[in-house]
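The values are calculated or read from the model by the stated rules, or taken from the named source; none is laboratory data. In this text, all values refer to a predicted model and were calculated from it rather than measured experimentally. Every residue, glycine among them, receives a Cβ derived from its backbone with ideal geometry; neighbour counts consider all protein chains shown.
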Amino acid sequence: MEQFLQRYIDSWRLNGWFIHDIFFCIVLGIGLLLVLFIVMKRKRLVTSSILLIAFLLVSNLLMIVFGLAGRGFPIKSDSPIYTDDSQSIAVQMVQGSENNGTSNGITHLIAHHLLVAVNLQTGEKQWTKSASYKETLLGEFMGGVLVHHRDDEFGQLSLLDLETGKEILSEKEFRTLHPSLIAILSNNAYQMAVLKNNLYLEGVDGKFYRFDGKTLSEDVKAQDYLSARFFIETELPGYFATHPQPVEDYQAIRDFSQAVLTEPAIQAYANLQPKVVDVDIIEKTALVSYRQTQRESAEHMLLHYDMNKHQILWESNIGIINSQQQQPAVRTLENSYVIQAGDRLLVLDKKMKKRAVHYHLRWNRPIDE
C-alpha cells in the first residue's frame, strides 16, 4: 500500500513519459474548465458540487489507470549509457512496457521510448525527450550524441546536445551538410558504430566507411571494428561506450570475461545466474551481477572481482531488475559506476563503495535514501 501511495503521488506531475503526460494534461485541462464553470455559475451550488465530486472520482481513476500509478510499467535499457566530456551528465534511451491486456494466453505490451539525461552531480533530471522504436543512440560524436533514425528503407541521422537535449543538427540539416554520408546510410543501426570519435559503418553499397565528422572515406578496418563490437557486445552490451581498449583485443576481452565465471568465488553463485556485466582487462577486474535468490523477483547484487587477488573486493545491492531487462546496464567512469537496473539509475562511488545518486526512471525524479 505504501508503494502504491507513493506511485499515486508521483503520478500527479509531468515526468516525460507520453502516455502519462497526455492524460495528466487532460485531467488538468478538464479541471481548469470545471473551475471556470463553477466561477461563472456560482448560484448553481448543487450542480457545481456534483460536477466537482464526479471530476475528483474520474480524474483520480484516470491517473491510477492511465497515469500508471496502479499499473505495471517495467523499464529496460534500450541503449548504452553515454556521458558528456566532463562525465557530469548521463544520457540513455530506455523503454517502458505498458500491459495492454491478455488474449488467447498472450500478453500484449505497448512499448514507450524515452531519452533521459540525469545530472550525476546533483542526481536531478537534466532533461527528457520522447523517442520511438525507430531511433537508436549511436554514441558521443561531433560534440553531442548521435541518433540514427530508421525511415522506411532509408536511414537518417541527427545530433543532440548532451546538456540540453536540443538538436544541434536536425535530420534535414545533417542531410544537407553531409549528403554523401546519408546517401550510403543503411536503415539498420547495427551496421554502425561510434568508436574513438569516428563513425564506422557498412554502406548500402556493401562497402565499409569511416566518417570523422567532416569527411567520409572508405576504410577496410571498419569491417573489423563492427565485427569486434558485435562479438563483445553480445556478451557485454555497451562495452565500447566505456572502454578505450583497441577493438583488436576483443578475443582477450571475451576470454577474460569467461575466465571470471570459472573462479571458485564466483562459482559459489552458480545457481543464482551470475553474469559478467563489465570488465577491465588492464586492471584485471570485473563487475558481476547475480540474484539474491532464484526467484525472478529477487533483488540483484553487484560485486567487484579482482582476478589478480582472486577475491571479491566489494558487493552492493542494486535492487530488483524486471524480467524485461534481466541484467543491469553499466557505464564505467573515472570515479564511479553508472548503473541502470530496471526502473532505477544508480551511481556507485568507486572509493566509498556507496550510492552517490539514486534516480527513478519511471517518474524521473531522485529517490531519497
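Here are a few things to note about the model shown:
A quick yes/no check of all residues on (1) more than 19 Å from Ala222 (Cα to Cα); (2) basic (Lys, Arg):
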residue: Phe240; (1), (2): no, no
residue: Tyr250; (1), (2): no, no
residue: Arg254; (1), (2): yes, yes
residue: Tyr269; (1), (2): yes, no
residue: Lys275; (1), (2): yes, yes
residue: Glu283; (1), (2): yes, no
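- Looking at Tyr190, Tyr209, just one residue is modelled with pLDDT under 95 and of a type in the set (Ser, Thr, Tyr), and that residue is Tyr190.
- If you go through segment 228-237 and keep only what is of a type outside the set (Val, Ile, Thr) and either modelled with pLDDT of 90 or more or more than 18 Å from the chain's Cα centre (by Cα) (or both), you end up with Ala228, Arg229, Phe230, Phe231.
- Matching strands (runs of 3 or more DSSP E) fully within segment 263-369 where at least 1 residues are surrounded by 13 or more Cβ atoms within 10 Å (Cβ to Cβ) and in contact (Cβ under 8 Å) with a residue 60 or more places away in the chain: 329-332, 336-341, 344-349, 355-360
- Residues satisfying the stated conditions in segment 1-17, i.e. surrounded by 13 or more Cβ atoms within 10 Å (Cβ to Cβ) and either at pLDDT below 80 or farther than 22 Å from Glu98 by Cα (or both): Gln6, Arg7, Tyr8, Asp10, Ser11, Trp12
- Just one of the listed residues (Asp161, Asp212, Asp152) is free of Cβ contacts under 8 Å to residues at least 60 places away in the same chain and on the phi > 0 side of the Ramachandran plot, namely Asp152.
- Residue identified as within 13 Å of Met63 (Cα to Cα) and without any contact (Cβ under 8 Å) to a residue 12 or more places away in the chain among Leu32, Leu36, Leu28: Leu28
- For segment 25-33, the condition of being closer than 24 Å to Ser132 by Cα, over 23 Å from the mean Cα position of the chain (by Cα) and at pLDDT 75 or above holds for at least one residue.
- Whichever residue in segment 122-144 is under 20 Å from Asp78 (Cβ atoms) and of a type in the set (Asp, Glu) and, among such residues, is surrounded by the fewest Cβ atoms within 10 Å (Cβ to Cβ): Glu140
- Residue that is modelled with pLDDT of 95 or more, under 29 Å from Gly139 (Cβ atoms) and in contact with a strand residue (DSSP E or B) (Cβ under 7 Å, 6 or more places away or on another chain), where the choices are Val288, Val277: Val288
- Applying the set (1) surrounded by 22 or more Cβ atoms within 10 Å (Cβ to Cβ); (2) more than 22 Å from Arg331 (Cα to Cα) to Val147 leaves exactly one unmet item: (2).
Residue-by-condition table, conditions (1) under 24 Å from Thr234 (Cα atoms); (2) acidic (Asp, Glu):
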site: Ser158; (1), (2): no, no
site: Asp161; (1), (2): no, yes
site: Lys172; (1), (2): no, no
site: Leu195; (1), (2): yes, no
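- Some residue of segment 238-261 being part of a loop (DSSP other than H, G, I, E, B), at pLDDT below 90, of a type outside the set (A, V, I, L, M, F, W, C) and surrounded by fewer than 14 Cβ atoms within 10 Å (Cβ to Cβ): yes
- In the set Ala286, Ala329, only one residue is touching a helix residue (DSSP H, G or I) at 6+ places or on another chain (Cβ under 8 Å) and closer than 29 Å to Ile75 by Cα; that residue is Ala286.
- Subset tally (residues that are among the hydroxyl-bearing types (Ser, Thr, Tyr), under 24 Å from the mean Cα position of the chain (by Cα) and farther than 21 Å from Lys350 by Cα) for segment 254-311: 1
- Check on Asn99, surrounded by fewer than 20 Cβ atoms within 10 Å (Cβ to Cβ), at pLDDT 95 or above and within 22 Å of the chain's Cα centre (by Cα): no
- Extreme residue, nearest to the chain's Cα centre (by Cα), among residues of segment 184-227 that are of a type in the set (Val, Ile, Thr) and surrounded by 14 or more Cβ atoms within 10 Å (Cβ to Cβ): Val194
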